Amino acid sequence: MAEKQEHRKIFEYLDYREFLRDYYQSKKAANPAFSLRAFSDKIGFKAKDFISRVMQGDKNLSTQSIQKIVTGLKFGKREASFFEDLVWFNQAETMDEKNSWFQKMQNELKIVRFTEGQHQLAFYQYQVYSHWRHLVVRSLIGMYGFHGDFTSLAKSVHPTITIEEAKESVELLEKCNLVKKNEDGSYELVNKDITTGDRTSKIALRGFHQHCLALGAESIDRDPPTMRNISGLTLGISQAGYEKIVERMSAFRKEIAQIANEDKDADKVYQMQLLLFPIGGKL
């Protein structure tokens, strides 16, 4: 039988380190004497700083250490299985691996009954950012409206997607409460603006940006110069200079978003990527 926890259930997390931090903090709040040493003893780690380094992201868990945590926290069968999948999901090095573990987590969640919709919302949000087409479909619905013609919707995405992919995107956007279906069969946006400020999206944004960068590279050959603008700079800067540029990029991104929000004649969906990354340093 699973140990009663005062914080969120393990099924509500997409980051096992966050779960461990929350677990420790809840126990600490209930009993000030509950230290990191006590936490380590509870889950059977000999190195007293190991669990702290795991929570901070300096160390990963192994199969053996996962089992120690599962046993020490007295997880039930489903909790234990989900926690293990969650660990491998977080520690996966490629998006293919990450998505594979995410699907296993989803399979576990299908068996678990939730009483609150927010328990599943994080996973729907991850899926929204897992592929570029979902947000394109959302933007198209916002600009033109949508009455169920998935053939036209699929053709409106550039590059074109399949009818089944269009249906999948709309269904996912509904589950995530980003679009809603009206009584007359039409669809509309629930909220005009969405942000990527939560941990859920940050995990998925890695894959989202990879997809978008690939699309940008393909656009060089796919689209005429009148429909795209690609430019770049190679710069020699310090850390202080880097931080100033990042600050300006952030302000510029917000300015661009405001221009888009005020554009009443919008008829196309564009993807804009702002990049600043190191390509050389001291030898």
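The numbers here are math on the coordinates, done by the rules we state, and not lab data. The structure presented is a predicted model; accordingly, all values stated were derived computationally and were not measured. Neighbour counts run over all protein chains shown; Cβ positions are idealised from the backbone, glycine included.
Under the combined filter of DSSP loop state and at most 16 neighbouring Cβ atoms within 10 Å, the stretch 19-50 retains these chymotrypsin sites (Phe, Trp or Tyr not before Pro): Phe34.
Here is the list for the stretch 4-87: trypsin sites (Lys or Arg not before Pro) lying in DSSP coil, each with at most 12 other C-beta atoms within 10 angstrom of its C-beta, are Lys4, Lys46. Take the cross-link list Lys27/Lys74; Lys110/Lys175; Lys77/Lys98; Lys27/Lys48 and give me the ones stretching past 19 Å between alpha-carbons. With Cα atoms farther than 19 Å apart: Lys77/Lys98. For the stretch 10-114, the square roots of the Cα gyration tensor eigenvalues, ordered a ≥ b ≥ c, give a/c of at least 1.5 with a/b greater than b/c, which places it in the prolate category. Residues whose amide H lies under 5 Å from that of Val179, counting only those 5 or more places away or on a different chain, are Glu174, Val190; hydrogens are built 1.01 Å from N in the peptide plane. The 3J(HN,Hα) values that the Karplus relation (6.51, -1.76, 1.60; θ = phi - 60°) gives for the stretch 63-78 are, in residue order, 4, 5, 5, 4, 5, 5, 5, 4, 6, x, 8, 6, 5, x, 4, 5 Hz. Gly and Pro appear as x. Farthest towards the positive end of the charge dipole of the stretch 10-114, among the residues Gln67, Met55, Asn31, is the Cα of Asn31, using unit charges on the Cβ of Lys, Arg, Asp and Glu. The aspartates and glutamates within cross-link reach of Lys28, meaning a Cα-to-Cα straight distance under 12 Å and a gap of 8 or more places when in the same chain, are Glu6. Taking a straight Cα-Cα cut-off under 20 Å and skipping sequence neighbours fewer than 8 places away in the same chain, the aspartates and glutamates within cross-link reach of Lys167 are Asp149, Glu183, Asp184, Glu188. Less than 5 angstrom separates the built amide H of Phe146 from those of Tyr187, all sequence-distant by 5 or more or on a different chain.
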